[in-house]
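Written out below as structure tokens is the structure these notes cover.
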Amino acid sequence: MNLPDPTSTLGWLLLALEIVLRLVALGVIPGNRKPSTGMAWLLLILVEPIIGFIVFQLFGRTRLEGRRVARQKRAIEAVLGPSEALHLEYDESAIPPELRTVAELNRRLGALPMSGGNEVELWPDYAGVIAEMAAEVDRARSFVHVEFYITAWDDVTDPLFQALVRATERGVVVRMLFDHLGSRRVDGYRGMLRRLRRTEIRWRPMLPIQPLRGRFRRPDLRNHRKILVVDGSVGFTGSLNLTEPGYNSRKNHRLGREWVELMVRLEGPVVGALNAVFATDWYVETAEAVDLVPVHGAPDRRADEVFDVPCQVVPSGPGIVAENNLRMFTALIYSATERISLTSPYFVPDESLLYAVTTAAQRGVAVELFVSEVSDQFMVGHAQASYYRALLAAGVRIFRYPAPYVLHAKHFTVDDKVAVVGSSNMDMRSFGLNFEVSLMLPSPEVVAKLREVEDSYRTLSRELTREAWQERPARTRYVDNVMRLTAALQ
């Protein structure tokens, strides 16, 4: 009896499997994806079907597990939907028509309307804003809500943690959320958990990866929000992670590397909207509803505050209409007529954002981009660099904040009419994978304050020229393009 050659049989089976996977990919991958993302995944699977399909199963889907999806849907409907209870009424006729349409876009996609009568204060001082948050917690009477992507109990954050402990001792309810994987990667994580267990703080890790408990999803889905709310009357949001400016890394300390941040302190009705975003995340993680009724404190008028500011909180991420933060960004950039200033540590745009920025420059708008000279992330740094040539050719001025500092602030201004500040980078992760929170501020006074911060970046930064960028080695340009393609695989 003649048996078939097992090597030949295996080869035919693998060939058949590869053909099937290619055909399946053609039918499955393009659905509900941007053309660029779908093309990147198709290219990978067509070249390496088996390996590509395995990678796609791990990283190509943004779905959360069923229990979490159901909770998130209920939370959005119950907390963000009936926003009338948050007293966010505002007559939007006071702002320009092009901004009214963006506010309506944000409301339809993120469920939170604009509110007026708010007080806004910018905080570019890293240690100073942590001390300010601790001072607000020491004034808390009812509750404190804390939510940060990275949370570490170290020498710099200790004053805030001690204030949280003191608050619990006088009967204040303190709830804390931190991203599971985001916080685990910082030294001292286990020590922080031990210290938290000895307190009355109610804490939960967000998006935990625990396969044995049925908690598993693609591991790069993260909650990247930064929120602190005290009594529903004072709030903070922005780019700061709750850790010391070197992220407790010996390498960073050796290099002198520190993160440069920007936070916003808020008073007024907008704090209720910020608290609603926390409440949705808390409900998803705990199934516990949070009372959103604010406990207003006495007015705290400060010399550096801007008063009577309209504000709109824009939550984004899986479970909210796809990439609503990206839609807001591009809509505002297309509305520009004079000037756009962008600050993003990780500028890896999709086609729509890249076209919006370069088109603005080509139609005569003065566009400037502030980034770090050296990125703290290899892949993102090279992917970002791959866009510089197109940006420079369009007339965008690129300013690189000097190493060893990492410009981690996330904000932009359009003309003299609107500013956006928050946790969202201008990259594909923040648009498609991360839970983010942004704040739109249609206020010339806030824009003027933010311009002072941007001016300080420009003074310290080095402007990148087209000639200098073209002198880079071909090998470096090749790595840039590979990392750019890798970044598109979402």
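In percent, rounded to a whole number, the relative contact order of region 297-454 is 32, using alpha-carbon pairs under 8 Å and six or more apart. Taking amide H as placed 1.01 Å from N in the peptide plane, Phe435 has its amide H under 5 Å from the amide H of Arg222, Asn223, His224, each at least 5 places away in sequence or on another chain. Label-to-label distance, Thr459 versus Ala16, with points set 7 angstrom from Cα along the beta-carbon direction: 7.2 nm. If you model region 348-395 as an ellipsoid using its alpha carbon gyration tensor, with each semi-axis the square root of five times an eigenvalue, the axes come out at 21, 11, 8 Å, biggest first.
Here the label points at Arg301 and His253, each 7 Å from Cα along the C-beta direction, are separated by 4.6 nm in the simple model.
Put simply, the amide H of Met206, placed in the peptide plane, has neighbours under 5 Å in Phe178, Asp179, His180, leaving out anything fewer than 5 places away on its chain.
If you plug the beta carbon distance of Thr101 and Ala468 into 1/(1 + (r/R0)^6) with R0 = 35 Å, you get a FRET efficiency near 0.30. Taking θ as phi - 60° and the Karplus parameters 6.51, -1.76 and 1.60, the scalar couplings of region 274-282 work out to 4, 5, 5, 5, 4, 4, 5, 5, 5 Hz in sequence order, x denoting glycine and proline.
Bridging of Lys226 to aspartates and glutamates at a Cα separation below 13 Å is possible for Glu147, Asp179, Glu261, Asp281, Glu436, once same-chain residues fewer than 8 apart are set aside.
No value in this document is a laboratory result; all are computed from the given coordinates. Bear in mind the structure is a predicted one, so any value in this text is a computation, not a measurement. No Cβ is skipped: glycine too gets one built from the backbone with ideal geometry, and neighbour counts run over all protein chains shown.
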